[in-house]
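Q: Below are the structure tokens for one structure; questions will follow.
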């Protein structure tokens with residue numbers, strides 16, 4: 001009896017068949033490139049699948065690189081900010097030092113006018129009341145400071161020492177209402193007395209006749225009379241001149257040359273010959 005169905009080829013036979021077919025196709029394609037169109041078609045069809053498979057990997061890689069770059073940039077930004085803050089702090093410090101050097105150079109330059117001996121001092125306290133104008137400085141008896149000693153800054157006369165401790169002293173400003181400085185007009189030598197007003201921006205000139213030769217802008221300097229202050233040191237500049245009817249004297253207002261409300265450093269002066277010479281002058285005036 002004949003079988004109704006033929007036996008199917010074995011698995012080994014099928015494998016051998018497909019291998020042979022593949023080899024033949026590869027050989028033919030290599031020689032004549034007949035399968036180029038098929039390859040391109042398969043490549044086009046497979047590309048979206050490859051893209052879909054590679055997309056998560058690419059996203060993970062890009063995200064990782066982005067996070068690394070962000071951390072790197074943040075660290076670099078923090079480092080640069082810290083460096084900028086440090087440089088800015090140093091620059092500010094340099095500005096402060098430069099300003100301080102300018103003040104000290106101006107202060108030291110002012111001593112060329114009068115004295116070969118001086119002592120720099122710093123302010124400890126300021127008392128600028130209408131009826132009392134004082135400053136306290138960080139030099140005292142141990143530094144050789146004496147009562148009545150002239151005190152100046154780079155602009156002009158500030159005042160004179162009225163009280164000394166061992167380590168500090170108090171200076172009465174020329175703007176104090178009780179203070180008076182013998183002065184003269186630098187332009188013509190006309191003498192007067194500069195009186196404090198209780199304001200740090202104004203002095204008054206007394207004993208100037210109403211017909212006196214004075215002008216706004218005239219420089220007023222110490223005359224040296226009374227041996228209170230060295231001669232020729234700036235006191236102020238005439239800022240206003242007025243006349244009262246029937247009054248034989250002019251009312252003249254000065255703007256102080258010294259920076260009374262802005263000082264940090266001042267100079268204590270010893271007249272030529274030192275304190276002994278000043279004391280001798282005082283005694284001579286008293287005897288007269």
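The values are calculated or read from the model by the stated rules, or taken from the named source; none is laboratory data. What you are looking at is a predicted structure, and each value in this text was computed from that prediction instead of being measured. Methodologically, a virtual Cβ is constructed for each residue, glycine included, from the backbone with ideal geometry; neighbour enumeration extends over all protein chains shown.
Q: Do we find a residue being assigned to a loop (DSSP other than H, G, I, E, B), assigned by TED's automatic domain parsing to the domain that holds residue 143 and without any contact (Cβ under 8 Å) to a residue 24 or more places away in the chain anywhere in the range 218-230?
A: Taking every residue of the range 218-230 in turn, none turns out to be assigned to a loop (DSSP other than H, G, I, E, B), assigned by TED's automatic domain parsing to the domain that holds residue 143 and without any contact (Cβ under 8 Å) to a residue 24 or more places away in the chain.
Q: Here are 148, 144, 155, 165: which of them is under 19 Å from residue 261 (Cα atoms), in the same structural domain as residue 258 (by TED's automatic domain parsing), in contact with a helix residue (DSSP H, G or I) (Cβ under 9 Å, 6 or more places away or on another chain) and surrounded by fewer than 21 Cβ atoms within 10 Å (Cβ to Cβ)?
A: Answer to the check: 155.
Q: Suppose we filter the range 233-276 for residues that are in a loop (DSSP other than H, G, I, E, B) and more than 12 Å from residue 181 (Cα to Cα); how many remain?
A: The qualifying residues number 16.
Q: What number of residues in the range 114-137 are in contact (Cβ under 8 Å) with a residue 12 or more places away in the chain, exposed (fewer than 13 other Cβ atoms within 10 Å of the Cβ) and either touching a strand residue (DSSP E or B) at 6+ places or on another chain (Cβ under 9 Å) or under 13 Å from residue 169 (Cα atoms) (or both)?
A: Summing the residues that are in contact (Cβ under 8 Å) with a residue 12 or more places away in the chain, exposed (fewer than 13 other Cβ atoms within 10 Å of the Cβ) and either touching a strand residue (DSSP E or B) at 6+ places or on another chain (Cβ under 9 Å) or under 13 Å from residue 169 (Cα atoms) (or both) in the range 114-137 gives 2.
Q: Go through (1) modelled with pLDDT of 90 or more; (2) in contact with a strand residue (DSSP E or B) (Cβ under 6 Å, 6 or more places away or on another chain); (3) buried (at least 21 other Cβ atoms within 10 Å of the Cβ) and name the single condition residue 233 misses.
A: For residue 233, the exception is condition (1).
Q: Within the range 140-163, can you find the residues that are under 27 Å from the mean Cα position of the chain (by Cα) and assigned to a strand (DSSP E or B)?
A: 152, 158
Q: Further question on the same structure: Does residue 258 satisfy being touching a residue at least 12 places away in the same chain (Cβ under 8 Å), surrounded by 19 or more Cβ atoms within 10 Å (Cβ to Cβ) and over 41 Å from the mean Cα position of the chain (by Cα)?
A: When the stated conditions are applied, residue 258 does not pass them.
Q: Can you tell me which residue is modelled with the highest pLDDT among those in the range 199-227 that are under 16 Å from residue 178 (Cα atoms) and buried (at least 21 other Cβ atoms within 10 Å of the Cβ)?
A: Going through the qualifying residues, I end up with 203.
Q: If you don't mind, another one. For the range 174-205, give me each residue that is within 22 Å of residue 130 (Cα to Cα) and outside any strand (DSSP E or B).
A: 174, 175, 176, 177, 178, 179, 197, 198, 199, 200, 201, 202 - these are the residues of the range 174-205 that are within 22 Å of residue 130 (Cα to Cα) and outside any strand (DSSP E or B).
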